[in-house]
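**Student:** What follows is a single structure, and I will ask about it in a moment.
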Amino acid sequence: MERIQIQGRCHCGVITYEASINPDYVVICHCTDCQNISGAPYRANVPVLPENFHLRGQPKTYVKTADSGNKVVHAFCGDCGSALYSQDAVEAPHAFLLRLGAVKQRAQLVPKKQGFCQSAMPWAMDISGIPKIPIRTKSQPPAKSGN
Ligand SMILES: [Zn+2]
Ligand SMILES: [Zn+2]
């Protein structure tokens, strides 16, 4: 598939980016680090090459050292805490992994694969049967929104 242009931003808007990505490479990761670091049951990512990634703003970083000694840099907004991307090396990374939650076009970017399924939350593999909370209308008192 052709590459497409996407835009991303943290929740407070201090950090924004533009990237050119291949939608065929959107993947879900169920690894325990993704669960722990993202605070979510799993994470979805799309890779981008450095030359196709244009960042504005200065994220805070957390360097995770794997058992292998490899370092992965996790970048997030120091003001609002939004997860933005990781990179495969501290200096001169070969690729960035953009966090889908910060991508404006995320609804269209359907994941094509999922990894580390052995550590997936068993219930996260199919949430379609979980009852949906009705959408509130203006006549109803507002439920606490946005977590
Ligand atoms: Zn922010
Ligand atoms: Zn992961």
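**Student:** Go through the stretch 11-32 and count every residue that is more than 16 Å from ligand 1 (Cβ to nearest atom), assigned to a strand (DSSP E or B) and surrounded by fewer than 17 Cβ atoms within 10 Å (Cβ to Cβ). Before the answer, list the steps.
**Tutor:** Pass one, the stretch 11-32, residues more than 16 Å from ligand 1 (Cβ to nearest atom): 18-32.
Imposing the further condition that a residue be assigned to a strand (DSSP E or B) reduces the set to 18-21, 27-29.
Restricting the remaining residues to those that are surrounded by fewer than 17 Cβ atoms within 10 Å (Cβ to Cβ) gives 18, 20.
Total satisfying the criteria: 2.
**Student:** Taking the condition among the hydrophobic types (A, V, I, L, M, F, W, C) and either within 16 Å of the chain's Cα centre (by Cα) or within 15 Å of ligand 2 (Cβ to nearest atom) (or both), does Ala92 pass?
**Tutor:** Working: among the hydrophobic types (A, V, I, L, M, F, W, C): yes; either within 16 Å of the chain's Cα centre (by Cα) or within 15 Å of ligand 2 (Cβ to nearest atom) (or both): no.
Answer is no for this residue.
**Student:** Still on this structure, I have one more. Considering only residues that are among the hydroxyl-bearing types (Ser, Thr, Tyr) and assigned to a loop (DSSP other than H, G, I, E, B), look in the stretch 33-76 and name the one that is surrounded by the fewest Cβ atoms within 10 Å (Cβ to Cβ).
**Tutor:** Looking only at the stretch 33-76, we keep the residues that are among the hydroxyl-bearing types (Ser, Thr, Tyr), and these are 38, 42, 61-62, 65, 68.
Then keep just the ones that are assigned to a loop (DSSP other than H, G, I, E, B); that gives 42, 68.
Numbers: Tyr42: 21, Ser68: 6.
Of everything passing the filter in the stretch 33-76, Ser68 is surrounded by the fewest Cβ atoms within 10 Å (Cβ to Cβ).
**Student:** Right, here's the next one. Pairs only if they're at least six apart or on different chains, beta carbon under 6 angstrom, first in the stretch 26-37 and at pLDDT 95 or above, second part of a strand (DSSP E or B) and surrounded by fewer than 19 Cβ atoms within 10 Å (Cβ to Cβ); list them, first residue then second.
**Tutor:** From residues that are at pLDDT 95 or above, the pairs are Val27/Lys113; Ile28/Gln114; Cys29/Gly115.
**Student:** For the stretch 1-10, give me each residue that is assigned to a loop (DSSP other than H, G, I, E, B) and of a type in the set (Lys, Arg). Full working, then the answer.
**Tutor:** Step one: filter the stretch 1-10 for residues assigned to a loop (DSSP other than H, G, I, E, B), giving 1-3, 10.
Result: Arg3, single match.
**Student:** Regarding the stretch 106-128, can at least one residue be identified that is more than 15 Å from Cys34 (Cα to Cα), within 16 Å of ligand 2 (Cβ to nearest atom) and at pLDDT below 95?
**Tutor:** The answer is yes; a qualifying residue exists.
**Student:** All but one of (1) loosely packed, with under 12 Cβ neighbours inside 10 Å; (2) in contact with a helix residue (DSSP H, G or I) (Cβ under 8 Å, 6 or more places away or on another chain); (3) of a type in the set (Gly, Ala, Ser) hold for Ser82; state the number of the condition that does not hold.
**Tutor:** Unmet for Ser82, out of (1) loosely packed, with under 12 Cβ neighbours inside 10 Å; (2) in contact with a helix residue (DSSP H, G or I) (Cβ under 8 Å, 6 or more places away or on another chain); (3) of a type in the set (Gly, Ala, Ser): (1).
**Student:** Does the stretch 41-52 contain at least one residue that is over 16 Å from Asp88 (Cβ atoms) and either at pLDDT below 95 or within 16 Å of ligand 1 (Cβ to nearest atom) (or both)?
**Tutor:** Here is the first cut: in the stretch 41-52, the ones over 16 Å from Asp88 (Cβ atoms) are 41-42, 44.
Restricting the remaining residues to those that are either at pLDDT below 95 or within 16 Å of ligand 1 (Cβ to nearest atom) (or both) gives none.
No - not one qualifying residue is present in the stretch 41-52.
The values are calculated or read from the model by the stated rules, or taken from the named source; none is laboratory data. Note that the structure is predicted; figures quoted are calculated from it, not measured. Every residue, glycine among them, receives a Cβ derived from its backbone with ideal geometry; neighbour counts consider all protein chains shown.
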